[in-house]
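Attaching a single structure in structure tokens format; questions to follow.
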Amino acid sequence: MNVQYSSSRGGKEKVSASWAIIKGLAEDGGLFVPDHFPKLEKTLEECSALDYKELAYEVMKLFLSDFTEEELKNCINKAYDAKFDTEEIAPLAEVDGTYYLELFHGATIAFKDMALSILPHLMTTAAKKNNVNQEIVILTATSGDTGKAALAGFAGVEGTRIVVFYPKNGVSAIQEKQMVTQKGDNVKVIGITGNFDDAQTGVKNIFGDKALAEELAEAGFQFSSANSINIGRLVPQVVYYVYAYAKLVKEGRIKAGDTINVTVPTGNFGNILAGYYAKQIGVPIGKLICASNENKVLFDFFATGCYDRNREFILTSSPSMDILISSNLERLIYLIAGSDADKNRGFMQSLLSEGKYTITEDMKSRLDDFIGGYAGEAEVAKTIRDVYERTGYVIDTHTAVATTVYEKYKKDSGDDTPMVIVSTASPFKFTRSVMEAVEGAIDDKTDFELIDKLSKIANVKVPNAIEEIRNAEIMHDTVCDKEDMKAQVKKFLNL
Ligand SMILES: *Cc1c(COP(=O)(O)O)cnc(C)c1O
């Protein structure tokens, strides 16, 4: 039976996977959810003989059921190629009896590459399938990481253009340099004099501008979004959980059928949800440990059943997890509500109007697969230092949140099921925090001095993604006021 998608907030109407990718969000503001969970067609044993791309096909074909074999394989081949610095795509490192699934070997050395390197190809293929002939214009506001990953994914992809807005004084020096050195005729990077919220609001306003949409359509363009609620970003993430399991079987560390647990550093709840989807299609995952930083909305939710965003927003050393509204959680709420869209809509309305909602006891009882935990800033730094001193392995701040939470869980529960910790960023992406944790005082050092030092102590080559920007030419120097964002987009499109 082919998987189709409906809105998590209502309507019986179902759409194909390709249409859900083009639309991104359902008309009623809900997220597209699969109408059932398919099952892996190959056994876990058989999966263990496949390489990353072969396995990606096995998994993605289940969810993207209206893509032909040729279309899907084409997308996979274009995404998981030499942009990754290892043919394994997602290596699994054994460290101290725990397994780190390294999702940072792509173009921007963070895990968003796993999905954003394939999304542009899924989108252009989906457009063709549905006779959408307009050029797709991606608009993104970024607080740092997503912007570069989206730029790298869409650069040079025929039939697409991308405009990224970032807060001029609100991203790290390395993040800014990564973005403003992006090459490609179809890309534009613009700094705005404002903060991330200003950039985000500006983009939302442009998306909501009906007159502009008409003007665009006449000129042969259509806006789209690459944000993490698109199923075209979720589905590619299911793959690496299957891959991690298959790899453990292949290496003889577990037998096919044995249970593993996973710990996921979480912000928007996309990555860990993909792990939950992997479990639904037949991967023997026991517990999914949801690791938060000091913005611990999810920890509180799993503890109490109340999701409450009314709290102070804390800036931490794991900025990609500094989030108070985890958008993808809605897909889990929908499921534990018994796939009841009306019920889910009620919770989401309450989140919008009051900033919080409380699930029922019955729903709470369906959350047994999840365990919430969180780590404070001092613990994160200590974990980075401890893991390094004990093993020589250097982890980034986001991964260190996961390691801290896992170690606490292990101590409290005594559970010694094999653990896969999802490693979401290279330590080279957050060098300053990492080196501060390992070495202490670093204030007198430049970013690149720290990068070279990190390379030495970790005994890891500086990744190409960093090497490239050391002396790269600046391609984008536009800075505008937030009021001028629309004008800048029009200018880029020659309207
Ligand atoms: C985005 C991001 C996360 C959080 O992932 P979600 O899918 O939003 O939960 C964690 N770590 C890094 C490095 C990220 O970029």
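Could you give the length gained on full extension between ARG366 and GLU439, defined as 0.36 nm per residue of separation minus the Cα-Cα distance, in nm? Please list the in-between numbers first.
Numbers: separation 73, 0.36 × 73 = 26.28 nm, distance 4.39 nm.
Result: 21.9 nm gained on full extension.
For the range 239-387, just say rounded, prolate or oblate: build the C-alpha gyration tensor, square-root its eigenvalues into a ≥ b ≥ c, call rounded for a/c under 1.5, and beyond that prolate if a/b exceeds b/c, oblate if not.
Details: a/c = 2.38, a/b = 1.22, b/c = 1.95.
Cα axes put the range 239-387 in the oblate bin.
Ok, one more. Return the sequence-ordered ³J(HN,Hα) values of the range 118-125 in whole Hz as given by the Karplus equation 6.51 cos²θ - 1.76 cosθ + 1.60 applied to θ = phi - 60°, using x for Gly and Pro.
The phi angles translate into 9, 3, x, 6, 4, 5, 5, 5 Hz.
Right, something else. Put a dot 7 Å past each Cα toward the Cβ at GLU13 and ASP185; how far apart are the dots in nm?
Modelled inter-label distance: 3.8 nm.
Continuing with this model, one more query. How big is the charge dipole of the chain about its Cα centre, in debye rounded to the nearest 20, if each Lys and Arg gets +1 on its Cβ and each Asp and Glu gets -1 on its Cβ?
Values: 55 positive and 71 negative charges, 107 e Å.
Result for the chain is approximately 520 debye, rounded to the nearest 20.
Take a quick pass over the range 277-374 and tell me how many lysine pairs come in under 17 angstrom between Cα atoms, counting only ones 8 or more apart or on separate chains.
For the range 277-374, the number of qualifying lysine pairs is 6.
Per 0.36 nm of contour for each residue apart, how much would the distance between ILE474 and SER339 grow if the chain were fully extended, relative to their Cα-Cα spacing?
Numbers: separation 135, 0.36 × 135 = 48.60 nm, distance 4.88 nm.
So the chain would gain 43.7 nm between ILE474 and SER339.
Then there is this: Could you work out the relative contact order of the chain? I mean the mean sequence separation of Cα pairs under 8 Å and 6+ apart, divided by the number of residues, in percent. Each step should come with its number before you reach the end.
Working: 913 pairs, mean separation 88.8, N = 495.
It comes to 18 percent, rounded to a whole number.
In addition: Taking the Cα atoms of the range 96-142 alone, what are Rg (to one decimal) and Dmax (as a whole number) in Å?
15.6, 52
Arrange the following residues from fewest to most other Cβ atoms within 10 Å of their Cβ: THR266, THR68, THR358.
Details: THR266 32, THR68 11, THR358 15.
Taking fewest neighbouring Cβ atoms as first place, the list is THR68, THR358, THR266.
Shape of the range 92-178 from its Cα gyration tensor (a ≥ b ≥ c, root eigenvalues): rounded if a/c is under 1.5, otherwise prolate when a/b > b/c, or oblate?
Values: a/c = 3.42, a/b = 1.38, b/c = 2.48.
In terms of gyration-tensor shape, oblate.
Along the charge dipole of the range 1-56, Cβ charges K/R +1 and D/E -1, which of TYR52, GLY11, GLY24 sits furthest on the positive end?
After comparing all options, I get GLY11.
Continuing with this model, one more query. Once you have the Cα-Cα distance between ILE314 and THR201, take 0.36 nm times their residue separation minus that, and quote the gain in nm to one decimal. Walk me through the numbers on the way to the answer.
Values: separation 113, 0.36 × 113 = 40.68 nm, distance 2.00 nm.
Result for the pair: 38.7 nm of gain on full extension.
Would you pull out the residues with amide H under 5 Å of VAL137's amide H, same chain only if 5 or more places away, H placed 1.01 Å from N?
The list, which skips near neighbours in sequence, is ARG161, GLN222, PHE223, SER224.
Next up: At a 10 Å Cβ-Cβ cut-off, how would you order PHE37, PHE196, PHE430, PHE67, fewest neighbours first? Mind dumping the intermediate values first?
Values: PHE37 14, PHE196 19, PHE430 28, PHE67 22.
Least crowded to most crowded, the residues run PHE37, PHE196, PHE67, PHE430.
Shape call for the chain from the C-alpha gyration tensor, a ≥ b ≥ c root eigenvalues: rounded (a/c under 1.5), prolate (a/b greater than b/c) or oblate? All intermediate terms of the calculation are to be shown ahead of the outcome.
Details: a/c = 1.32, a/b = 1.08, b/c = 1.22.
It comes out rounded by the Cα gyration axes.
Which of ALA400, GLY414, ASN459 sits farthest toward the positive end of the charge dipole of the range 398-487, with +1 on the Cβ of Lys and Arg and -1 on the Cβ of Asp and Glu?
Ranked along the dipole, the leading option is GLY414.
Taking the highest mean first, how do the peptides 221-231, 268-278 order by number of other beta carbon atoms within 10 angstrom per residue? Provide the component values of the computation, followed by the final result.
Numbers: 221-231: 20.6, 268-278: 23.9.
The peptides rank, most packed first, as 268-278, 221-231.
Just to verify a number: FRET efficiency for ASP481 and THR304, C-beta to C-beta distance, R0 = 51 Å, to 0.05? Please list the in-between numbers first.
Numbers: r = 42 Å, r/R0 = 0.83.
Efficiency for this residue pair is about 0.75.
May I pose another question? What ranking, highest mean first, results for peptides 411-422, 174-185, 232-243 when packing means the other Cβ atoms within 10 Å averaged over each residue? Could you put the intermediate results ahead of the total?
Numbers: 411-422: 16.2, 174-185: 19.6, 232-243: 25.7.
The densest-packed peptide leads the list: 232-243, 174-185, 411-422.
Return the long-range amide H neighbours of ASP481 (sequence gap of 5 or more, or a different chain), with a cut-off of under 5 Å between placed amide H atoms.
For ASP481, the qualifying residues are THR193.
Then there's this: Per DSSP helix of 4 or more residues, -39500 (n - 2.57); summed, then divided by the residues of the chain. What does that give at 222 nm, rounded to the nearest 500? Numbers along the way, then the final one.
Values: 22 runs with 222 residues, N = 495.
Mean residue ellipticity, 222 nm, calculated: -13000 deg cm²/dmol.
While we're here: Among the aspartates and glutamates, which fall within straight-line cross-link reach of LYS410, defined as a Cα-Cα distance under 15 Å, with same-chain neighbours fewer than 8 residues apart omitted?
Qualifying aspartates and glutamates at Cα under 15 Å: ASP96.
Using a 7 Å offset from the Cα along the Cα-to-Cβ direction at both ASP416 and LYS453, what is the distance between the two label points in nm, to one decimal?
3.9
Nearest-5 percent of antiparallel DSSP beta bridges in the range 209-363? Intermediate results must be reported in sequence, preceding the final value.
Values: 3 of 8 bridges.
For the range 209-363, the DSSP antiparallel bridge percentage is about 40.
If you don't mind, another one. For the range 246-323 and the range 129-170, compute the distance between their C-alpha centroids and round to whole Å.
Their Cα centres are 27 Å away from one another.
Sort 252-259, 142-149 by the packing proxy (mean of other Cβ within 10 Å over each peptide's residues), most packed first.
Details: 252-259: 13.1, 142-149: 24.9.
The packing order, highest mean first, is 142-149, 252-259.
Enter the Cα centre distance for the pair the range 358-389 and the range 216-237, rounded to the nearest angstrom.
31
What number, in percent, do you get for the relative contact order of the range 202-274 if the mean sequence gap of Cα pairs under 8 Å and at least 6 apart is divided by its residue count?
Numbers: 27 pairs, mean separation 20.1, N = 73.
It rounds to 27 percent for the range 202-274.
From zero up to wherever the largest Cα-Cα distance of the range 152-308 sits, split into 5 Å bins and tell me the percent of pairs in each.
2, 7, 11, 13, 15, 15, 13, 11, 8, 4, 1, 0
How would you rank ILE136, ILE21, going from fewest to most other Cβ atoms within 10 Å of each one's own Cβ? Before the final figure, lay out the partial values.
Details: ILE136 22, ILE21 27.
Final ranking by Cβ density, sparse to dense: ILE136, ILE21.
Each value in this text was obtained by applying a stated rule to the coordinates, not by laboratory testing. Note that this is a predicted model, so its numbers are computed, not measured. In this analysis, Cβ positions are derived from the backbone assuming ideal geometry, glycine residues included, and neighbour counts consider all displayed protein chains.
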